[in-house]
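**Student:** Structure incoming, see below.
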Amino acid sequence: MLIRNRRRRLALLLAAAMLLGNRPAAQAADENVYIYSTEDLLRVAEQCALDSWSKGRTVTLAADLDLKGENFVPFPIFCGVFDGQGHTISGLRVAESGSSMGLFRILQEDAVVRDLTVAGTVSPSGSASQVGGLVGVNRGSVQNCVFQGTVQGGSQVGGIAGMNRESGEISGCTVEGQVTGSSASGGIAGQNEGSLVKCTNSAEVNTGVPDDSPRLPDVPLEQTAEGGGANGHALLQPQRHRRHCGSEPRRGAELRQQRYGWLSPRGV
């Protein structure tokens, strides 16, 4: 009888171990997801092709990850909470053709991305509008995040977000590196319709301007709100949308008409 009971307990333990071993991306019983490896990250990004997958779910980054050499495809759409826990995703490279590009392509209104550092290059080909280091189009909340690297695109290009929609808020974020766009480009957001709060831009914004560009005094004020500083194109946005944001980019050559203007001295 004793031997039979031991065998029964052993069989139950083996069955439980098999069930736990089949969990996708370290998924817990409460449907929250923990990312421990690049494989986990790639799998979660693929699952986000359906917006319903991330809705109401928290994705937690449990380790620093290096995407160098990986065939990473950006999160198509994200509706939940992505908690970086202070970790870093390095080696990001986004070069595919299209618009709305970044680590995340679109963050919906209920989405939150927080406490995450991303390092790498976002430089899509093709139309390349709405390009950001973290997110192409933000309708949600990006909190206490850092981007380090290069962001290049056409219009609406920013270190954190290419386009920050009216419902979007970017707070406590920092950008270091280089941001380059043909129009509506900024250190934090390329075009801002929402809120930028306590953000700092230390990136170079459009520093590759030819030396024969028009000098700032020759450019009408109404034409100098599409490039540089914390956000590029926000001419019609009230000041309350940019609270306590600072910018210390190096301008390189002179500012270019309509494309490389500054909202105010030093982009503040």
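The values are calculated or read from the model by the stated rules, or taken from the named source; none is laboratory data. This one's a predicted model, so the numbers in the text were calculated from it and none came from an experiment. Cβ: placed from backbone, ideal geometry, glycine included. Neighbour counts: every protein chain shown. Ligands, DNA and RNA are stripped out before the accessible areas are found, and what is left, the full protein with its side chains, is counted by its heavy atoms. Shrake-Rupley method; radii C 1.70, N 1.55, O 1.52, S 1.80 Å.
**Student:** Give me the percent relative contact order of region 96-144, please, defined on Cα pairs under 8 angstrom at least 6 residues apart. It would help to have the intermediate numbers written out before the result.
**Tutor:** On the way: 103 pairs, mean separation 27.6, N = 49.
Relative contact order here is 56 percent.
**Student:** In whole percent, how big is the carbon plus sulfur part of the accessible area of region 111-161, probe 1.4 Å, protein atoms only? It would help to have the intermediate numbers written out before the result.
**Tutor:** Details: 450 of 1210 Å².
Accessible surface attributable to carbon and sulfur in region 111-161 totals 37 percent.
**Student:** With contacts defined as alpha carbon pairs under 8 Å and 6 or more residues apart, what's the relative contact order of region 34-83 in percent?
**Tutor:** Values: 64 pairs, mean separation 25.0, N = 50.
Once normalised by length, the contact order is 50 percent.
**Student:** Further question on the same structure: So how much slack lies between GLU96 and THR207, counting 0.36 nm per residue of separation and subtracting their Cα-Cα distance, in nm? Walk me through the numbers before you get to the answer.
**Tutor:** Details: separation 111, 0.36 × 111 = 39.96 nm, distance 2.41 nm.
Separation in residues times 0.36 nm, less the Cα-Cα distance, equals 37.6 nm.
**Student:** Report the net charge of residues surrounding ILE35, where surrounding means a beta-carbon distance below 12 angstrom and charges are Lys +1, Arg +1, Asp -1, Glu -1.
**Tutor:** It works out to a net charge of -3.
**Student:** Any idea of ARG57's accessible area? Nearest 10 Å², probe 1.4 Å.
**Tutor:** 40 Å²
**Student:** Next question. When Lys and Arg each count +1 and Asp and Glu each count -1, what net charge do the other residues less than 13 Å away from PHE104, Cβ to Cβ, add up to? Let's see the in-between values first.
**Tutor:** Working: positive: ARG105, ARG114, ARG139; negative: ASP51.
With Lys, Arg at +1 and Asp, Glu at -1, the net is +2.
**Student:** Determine, from the Cβ-Cβ distance of LYS68 and ASN32 and an R0 of 25 Å, the FRET efficiency 1/(1 + (r/R0)^6), rounded to the nearest 0.05.
**Tutor:** Working: r = 28 Å, r/R0 = 1.11.
The calculated FRET efficiency here is 0.35.
**Student:** Let me ask you something else. Given R₀ = 25 Å, what would the calculated FRET efficiency be for LEU50 paired with GLN85, taking r from the Cβ atoms and rounding to 0.05?
**Tutor:** Details: r = 25 Å, r/R0 = 1.00.
That gives a FRET efficiency of 0.50.
**Student:** I've got another one for you. Heavy-atom accessible area per residue, region 97-157, 1.4 Å probe: how many Å²? Each step should come with its number before you reach the end.
**Tutor:** On the way: 1780 Å² over 61 residues.
With all protein chains present, region 97-157 gives 29 Å² per residue.
**Student:** Report ³J(HN,Hα) in whole Hz for each residue of region 111-127, in order, from the Karplus equation J = 6.51 cos²θ - 1.76 cosθ + 1.60 where θ = phi - 60°; Gly and Pro get x.
**Tutor:** 6, 9, 10, 9, 6, 10, 10, 10, 10, x, 10, 10, 8, x, 9, x, 4
**Student:** Still on this structure, I have one more. Determine ³J(HN,Hα), in whole Hz, for all residues of region 196-204 in sequence, where each value follows from phi through the Karplus function 6.51 cos²θ - 1.76 cosθ + 1.60 and θ = phi - 60°; x replaces Gly and Pro.
**Tutor:** 10, 10, 6, 9, 10, 10, 10, 7, 6
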